[in-house]
Amino acid sequence: MRARVCIDNSHSEYRFTCPECNKVNVLQTERHVIDLLQASGVRVDLWSLPSELFETRSGARLTHDDIIDFHIVLEDESAFERALTELD
């Protein structure tokens with residue numbers, strides 16, 4: 001069993017592997033349950049939300065067509081190389 005807590009918003013969850021089916025189960029819980037688990041020896045990991053969530057957003061939103069165009073560029077090695085050159 002393992003537990004984890006987000007230090008940014010206190011989201012808490014624990015996970016364990018079912019001994020019968022070997023499936024990993026993840027359950028959200030309240031912080032006091034995490035405290036009880038920790039007191040009984042369960043390791044608790046702390047994690048942070050990605051910093052990108054706090055960045056100021058600007059510009060137009062990506063569209064489905066933008067994603068398709070990007071995918072095409074990634075498939076074409078010469079186009080990908082040109083794009084990298086333009087960044088330099």
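Every number in this text was worked out from the coordinates using simple rules, so none of it is lab data. Note that the structure is a prediction, hence the values are computed from the model and not measured. Ideal geometry is used to build each Cβ from the backbone, glycine not excepted, and the neighbour counts take in all protein chains shown.
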- Message: For a bin width of 10 Å, list the pair-distance distribution of the chain built from all Cα-Cα distances, rounded to whole %.
- Response: 14, 24, 19, 19, 20, 4
- Task: Note down the nm distance, to one decimal, between modelled labels 7 Å out along Cα→Cβ at R57 and at T29.
- Result: 3.4
- Quick one: if you stick a label point 7 Å off each Cα along the C-beta vector at A83 and V44, how many nm between them? 4.3
- T85, T56, T17, T29 arranged by Cβ crowding within 10 Å, fewest neighbours leading: T56, T85, T17, T29
- Summed over the other residues with a beta carbon less than 9 angstrom from that of A3, with K and R at +1 and D and E at -1, the charge totals +2
- What list of ³J(HN,Hα) values in whole Hz, one per residue of region 64-70 in order, does the Karplus curve 6.51 cos²θ - 1.76 cosθ + 1.60 (θ = phi - 60°) give from phi, with Gly and Pro shown as x? 4, 5, 4, 5, 4, 4, 5
- Item | Computed magnitude of the charge dipole of the chain (debye, nearest 20; Cβ of K, R +1, Cβ of D, E -1) | 880
- Output the relative contact order of the chain, whole-number percent, from Cα pairs under 8 angstrom with separation of 6+ residues. 25
- Message: With loop defined by DSSP as not H, G, I, E or B, and exposure as at most 13 other Cβ atoms within 10 Å, which is the longest segment of the chain clear of exposed GluC sites (Glu not before Pro)?
- Response: 56-88
- Message: Please list, by residue number, every one of the trypsin sites (Lys or Arg not before Pro) in the chain that is coil in DSSP and has at most 16 other beta-carbon atoms within 10 Å.
- Response: K23, R57, R61
